[in-house]
Amino acid sequence: MKKIIKYVIVDIMRNKIVIAYTLLLLAISFSLFNLEDNTDKGLLGLMNIVLIIVPLICIIFSTIYVYNSAEFIELLVSQPLQRKHIWISLFAGIAIALTLAFVVGVGIMVLLYSFTATGLILIGVGLILSVIFVAIALLAAVYTRDKAKGIGIAVLLWLYFSIIFDGLVLFILFQFADYPLDKAMLVLSGLNPIDTGRILVLLKMDVSALMGYTGAVFQNFFGTAIGMGITLLVMFLWMIVPVSLSVRKFRRKDL
Amino acid sequence: MKQILLAILFLIFFSQISFCGRVYMVKKNSGLSSIQAAINQASNGDTILVFPGVYTEKNILVNKSLVLIGKNYPVLDGEHKYEIVSIKADNVVFQGFKLIHSGVSSLIDIAAIKVFSKRNVEIKDNILDGTFFGIYLQKAVSCVVENNQLTGEGTTDQQSGNGIHCWQCDSIRIIGNSVKGHRDGIYFEFVNHSLIVKNISANNIRYGLHFMFSNNNSYIANTFKNNNAGVSVMFSHGVNMFNNIFEDNWGDGCYGIFLKEITDSYISGNQFRRNTTGIFMEGANRVKVKKNQFIKNGWALKIDASCEDDTLAFNNFLGNSFDVGTNGTLVSNFNHNYWDKYEGYDLNKNNVGDVPYHPVSLFSMIVSKNPSAMILFRSVMASLLDKVEKILPSLTPENLVDHNPYMKPIRL
């Protein structure tokens with residue numbers, strides 16, 4: 001299992017796209033911190049990168065990688081190896097490689113320019129989102145045989161999580177404006193890892209604005225140890241559930 | 001010439017005499033061990049020196065024009081029952097005492113030091129600890145409250161009084177005091193022509209500063225910090241607020257300053273940092289807000305549609321979550337401010353942006369209509385809505401616009 005993970009990581013590291021991704025993140029974070037004289041604005045820009053670009057690259061790259069290594073997977077399956085182990089090592093390899101790219105691209109710059117609670121939370125959210133979207137990509141890839149269709153589904157999923165979901169939330173907010181929605185919003189935000197991550201960052205970044213009426217509800221929930229624990233648990237579930245679903249599918253898949 | 005000189009000499013001579021009262025020494029375990037006894041013996045213009053010790057004299061009534069000076073903070077204890085000092089004479093100086101444990105009542109306003117309808121009273125350098133109301137001026141004129149340290153221990157609105165409470169006063173000077181843990185730090189009702197300088201009002205249960213019907217007062221270089229509901233000022237005109245600091249007032253219904261029905265006032269050189277709302281204006285007319293800094297507030301400004309003819313110019317808006325929030329179309333004048341969210345350009349390099357800036361974002365309108373929408377703040381959806389609104393303004397108030405936004409922060 002370790003050998004497969006190692007092989008996958010080395011293979012991805014040699015891949016030009018991951019190097020380009022790392023350099024892109026590095027360039028963006030470097031220029032964001034240098035363009036603005038106050039680092040808070042740089043962090044704000046980076047937050048958008050973390051919440052949009054990172055999930056997009058992670059989901060598309062992982063999907064393509066899984067399709068491209070179809071032959072390699074077939075080879076592995078012919079060996080005396082458990083299918084479960086093969087799939088999990090594939091997931092672990094991609095996830096480790098992409099989080100490494102994120103750490104190099106964003107993490108170092110944030111630590112250098114803005115070593116604050118907000119910065120650290122941002123790095124944490126970026127890392128978790130990377131892993132989650134690799135997991136979702138694997139799920140999308142294992143369910144469709146056709147490469148084009150698989151990539152299409154991956155892109156759609158990304159679109160759903162980053163834009164459509166929020167649109168739906170806004171729709172619900174205005175349709176049910178007469179009802180107390182604070183608690184419902186908490187649950188809704190848990191249904192989208194990007195939203196959960198965004199709120200975690202907001203709680204540090206815009207704490208003054210969030211202390212208003214509804215914000216206080218969020219602060220009371222996310223600010224406490226229990227709320228934080230539940231949030232992390234939800235994020236963890238977002239990693240585990242897609243991976244275990246895809247493992248189940250892969251075990252029975254006719255390659 | 002000689003006559004004038006003589007007259008001056010004569011005046012100096014007599015004024016010396018008239019101010020040279022007797023001095024009474026109040027000391028524990030001596031012939032004169034009670035402050036009240038000393039006051040009863042003294043006559044107008046005398047001085048009473050009080051040496052260290054704990055004096056439990058129930059209520060001390062100062063009914064003559066005396067100078068009372070405490071050496072090394074003698075303690076006056078109100079035993080949680082009494083009003084400690086009542087001043088019912090003009091020209092009293094009360095200086096250097098430590099007053100503890102005044103009575104607490106929900107029926108009458110018991111204070112540590114209360115001045116009843118008198119003039120020229122000076123209350124200086126005292127320490128007030130665990131008092132209900134701290135310093136209470138009632139119908140006083142030309143009084144000075146200087147360098148006192150007030151610490152209340154109230155926990156609820158009902159169980160605590162105001163730090164410095166003035167009612168129906170005129171020409172009061174309140175300088176360099178620090179007020180903590182009271183209901184309202186500084187409270188004015190019907191107080192005119194007064195000066196409030198260099199005070200610190202922090203961690204109070206309700207407002208740091210609270211005034212109503214108090215006209216033509218100036219507030220200069222005070223700090224209002226971490227109060228439960230910030231600062232609230234209402235129904236007054238001619239209010240000048242210069243170089244004050246409003247910090248860390250967090251919560252719903254909590255404002256750096258809440259201006260209600262304030263007219264013809266001038267707010268300048270103040271700093272608003274990390275408040276949920278920096279300034280909230282409701283029915284504020286002809287108010288000038290100039291040269292202030294708004295840093296990292298939730299909303300830098302909230303202006304109700306009931307405001308008219310206000311001027312907001314030369315302010316810096318830095319790192320606020322929202323710059324301006326409003327609930328309708330607005331007739332106020334924004335000009336020459338620096339907005340860190342401004343994305344325009346400056347072709348002629350005169351440091352003034354060529355494109356007008358609309359400080360109200362669509363999303364802040366959405367949030368003001370539906371506070372729960374805050375959960376979508378800074379999401380792609382929200383930024384998309386804001387971008388679209390910027391290109392095709394339709395919902396945000398059209399005339400709320402800064403035509404000359406600065407490109408760089410204004411040096412203040």
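Every number here is computed from the coordinates shown, using simple stated rules; none is lab data. The structure presented is a predicted model; accordingly, all values stated were derived computationally and were not measured. For neighbour counting, all protein chains shown are included, and Cβ atoms are generated from backbone atoms with ideal geometry for every residue, glycine included.
Worth pointing out:
- Of all complete DSSP H helices in chain A, those with a Cα span along the helix axis of 30 Å or greater and a mean Kyte-Doolittle hydropathy of 1.6 or more are A:39-68, A:117-143.
- Given charges at beta-carbon only (K, R positive; D, E negative), |dipole| of the protein assembly as shown in Debye: 1760 debye
- Here the relative contact order of chain B, from alpha carbon pairs under 8 Å that lie six or more residues apart, stands at 6 percent.
- Using the Cβ-Cβ distance between residue A:36 and residue B:327 with R0 set to 25 Å, the FRET efficiency from 1/(1 + (r/R0)^6) comes to roughly 0.20.
- Net charge over other residues, Cβ less than 15 angstrom from the Cβ of residue B:38 (K, R count +1; D, E count -1): +3
- Size of electric dipole in segment B:23-358: Cβ of Lys, Arg +1 and of Asp, Glu -1, about Cα centre, debye, nearest 20: 960 debye
- Part-to-part distance (alpha-carbon centres) for segment B:220-238 and segment A:140-161, which is given in Å: 57 Å
- Among complete DSSP H helices in chain B, those whose alpha-carbon atoms stretch at least 18 Å along the helix's long axis and whose mean Kyte-Doolittle hydropathy reaches -0.5 are B:2-19.
- Computed [θ] at 222 nm, deg cm²/dmol, chain B (DSSP H ≥ 4; -39,500 (n - 2.57); rounded to nearest 500): -3500 deg cm²/dmol
- Cα lying deepest toward the dipole's positive end in chain A, options A:82, A:117, A:55, charges on Cβ: A:82
- The order of B:43, B:265, going from fewest to most other C-beta atoms within 10 Å of their C-beta, is B:43, B:265.
- For the protein assembly as shown, the residue among B:306, B:246, A:23 whose Cα projects farthest onto the positive side of the dipole built from Cβ charges is A:23.
- Student exercise, segment B:269-328 dipole from Lys, Arg, Asp, Glu Cβ charges, in Debye to nearest 20: 400 debye
- In this structure, the residue pairs whose Cα-Cα separation is over 29 Å, taken from B:114/B:291; B:81/B:198; B:114/B:296; A:147/A:183; A:41/B:225, are B:114/B:291; B:81/B:198; B:114/B:296; A:147/A:183.
- Panel order for B:387, B:118, B:2, A:147, by other beta carbons found within 10 Å of each beta carbon, from fewest to most: B:2, B:387, A:147, B:118.
- Counted charge near residue B:232, where neighbours are those whose Cβ lies closer than 10 Å (Asp, Glu -1; Lys, Arg +1): +1
- Toward the positive end of the charge dipole of the protein assembly as shown, with +1 on the Cβ of Lys and Arg and -1 on the Cβ of Asp and Glu, the farthest Cα among B:334, B:38, B:65 is that of B:38.
- Using the Cβ-Cβ distance between residue B:390 and residue A:160 with R0 = 22 Å, the FRET efficiency computed as 1/(1 + (r/R0)^6) comes to roughly 0.30.
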